[in-house]
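These notes are about the structure you will find just below.
The values are calculated or read from the model by the stated rules, or taken from the named source; none is laboratory data. All values derive from a computational prediction rather than experimental measurement. With ideal geometry, Cβ positions are generated from the backbone for all residues, glycine too; neighbour counts draw on all protein chains shown.
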Amino acid sequence: RTTGPPGSGSRNQLRNWCQHTVSRTVPCKVHNGTETSVQRVLGCRWPGPCAKVISYRTVIKPLFKITYKQITSLEWRCCPGFVGDECHEECLNCTSFNDMNSRINAIESKIRLLEE
């Protein structure tokens, strides 16, 4: 399954999007033989005095088991160096930037508590 990049932007905006291969395991129901049983049938389908007659019929029921299958698909995500909902924000080293940003926010909130 292939999906396109979100939105319909210019060619310049689409360069921020890259396809990534994603694998996941999904359950699948597969045929696993049959089960045969005998079922008692009361009465009869034809006219006549057979109310006391007991008949039997054979019932064949398919059996299924759950197996797991590996599915691979392509998804659009921000290319390396871009972040945000629309992949518009550039970021040379996003991991350290996000880490530093959260540390600064924590320090700022502690300073606000001290000022009160």
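Numbers at a glance
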quantity: GLU35 vs. criteria surrounded by 10 or more Cβ atoms within 10 Å (Cβ to Cβ), in a strand (DSSP E or B), modelled with pLDDT of 70 or more and touching a Leu at 6+ places or on another chain (Cβ under 9 Å); calculated: yes
quantity: Residue match in the stretch 95-104 (condition: more than 28 Å from HIS20 (Cα to Cα), more than 31 Å from the chain's Cα centre (by Cα) and aliphatic (A, V, I, L, M)); calculated: yes
quantity: The one condition in (1) under 30 Å from HIS20 (Cα atoms); (2) among the β-branched types (Val, Ile, Thr); (3) part of a helix (DSSP H, G or I) that ILE71 fails to fulfil; calculated: (3)
quantity: Test: residue in the stretch 62-69 that is within 25 Å of CYS91 (Cα to Cα), modelled with pLDDT of 80 or more and of a type outside the set (Gly, Ala, Ser); calculated: no
